[in-house]
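A quick write-up on the structure given underneath.
Values quoted throughout were computed directly from the atomic coordinates according to the rules given, and no laboratory measurement underlies them. Quick caveat, the model's predicted, so the values are computed rather than measured. Cβ placement follows ideal geometry from the backbone for every residue including glycine, while neighbour counts extend to all protein chains displayed.
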Amino acid sequence: MEELPVISVRFIECILASEKQNIIGRISHIMYYKEALLNSIKYYYRKSVCMRKVLSKEEWLRKKRMKNYFMLGSSLALLLVIIILIISLLAKLFTGAGTNTSEKPAIDETLSNGKVIQQMLLTPNEYSRAGEQLNKVKGIVIHYTANPGTSAEANRNYFESLAEKKTTYASSHYVIGLEGEVVQCVPLNEIAYASNERNKDTISIECCHSDITGKFNDTTYESLIALVAALCNEYNIKEKNIIRHYDVTGKMCPLYYVEHEDEWEKLKDDVMEKVKELKQQESES
Ligand SMILES: [Zn+2]
């Protein structure tokens, strides 16, 4: 450690000694010893720099230790995240439909027209029920089977057969038959393969029809209105979000209701009328 310069000691002594003297006396002393003052400043400056260097080294060592701890901690956290990801991936592989296994219906099993929804869920498989989560229902898409005279169950079984045939990806949440029977194929919290880019946020309904016109018979139509109304009520879906497959891709589906715009408008009006009735009943009960 550097010694305090003698002249600085003298300067300080001088200042202390002049404590009882007047201001002018002090000033003259200060002027006289200005050299000493400058030296003192230089001395203390050098001393502070020297101390800073010592402190900096200690800090540097501490910072290095902290850095090492931080690196170790973040490596462990990263490793933990990777392990969790691997475990959840393996869990998905071994459970088929993954975490999305809730099959509880979101709407009443008995529709307002008295028809009971038949749960005939597809076996989880890549081609018709992949188990992907349907997080938010923003609309309902209406289709026709393009397969005149077939039943709801036959169309459901076709979707099921794709697991083996592996020819295409296709399914629907519901199929409504010629006798108004309603078959559910895919739970409402999973996506179905019916509406292309809208699979991810819509519920799909396939309707059976007797002939090539694609017009739904009265019984099928009544079940459709009752089902769509129940879904609109449950998911708070507005009329503009009841759409046709045609509105998604331009495909002529459901054929009759693409070719007859007025019938399509009437269909939506009938649904909204039924929704009003459901809400009325709910408020009364
Ligand atoms: Zn379609």
Given the condition in a loop (DSSP other than H, G, I, E, B), away from the ligand (no atom under 15 Å from the Cβ) and crowded, with 23+ Cβ neighbours inside 10 Å, answer yes or no: does some residue in the stretch 158-173 qualify? no
Pairs needed: first member in the stretch 242-268, closer than 17 Å to residue 146 by Cα and outside any strand (DSSP E or B); second member anywhere, away from the ligand (no atom under 16 Å from the Cβ) and of a type outside the set (Lys, Arg); C-beta distance under 6 Å; at least 6 residues apart or different chains. 257/263
Which listed residue is closer than 25 Å to residue 150 by Cα and either away from the ligand (no atom under 16 Å from the Cβ) or among the β-branched types (Val, Ile, Thr) (or both), from 217, 236: 217
Taking the stretch 175-201 and the residues there that are crowded, with 24+ Cβ neighbours inside 10 Å and within 13 Å of the ligand (Cβ to nearest atom), the one that is nearest to residue 238 (Cα to Cα) would be 195
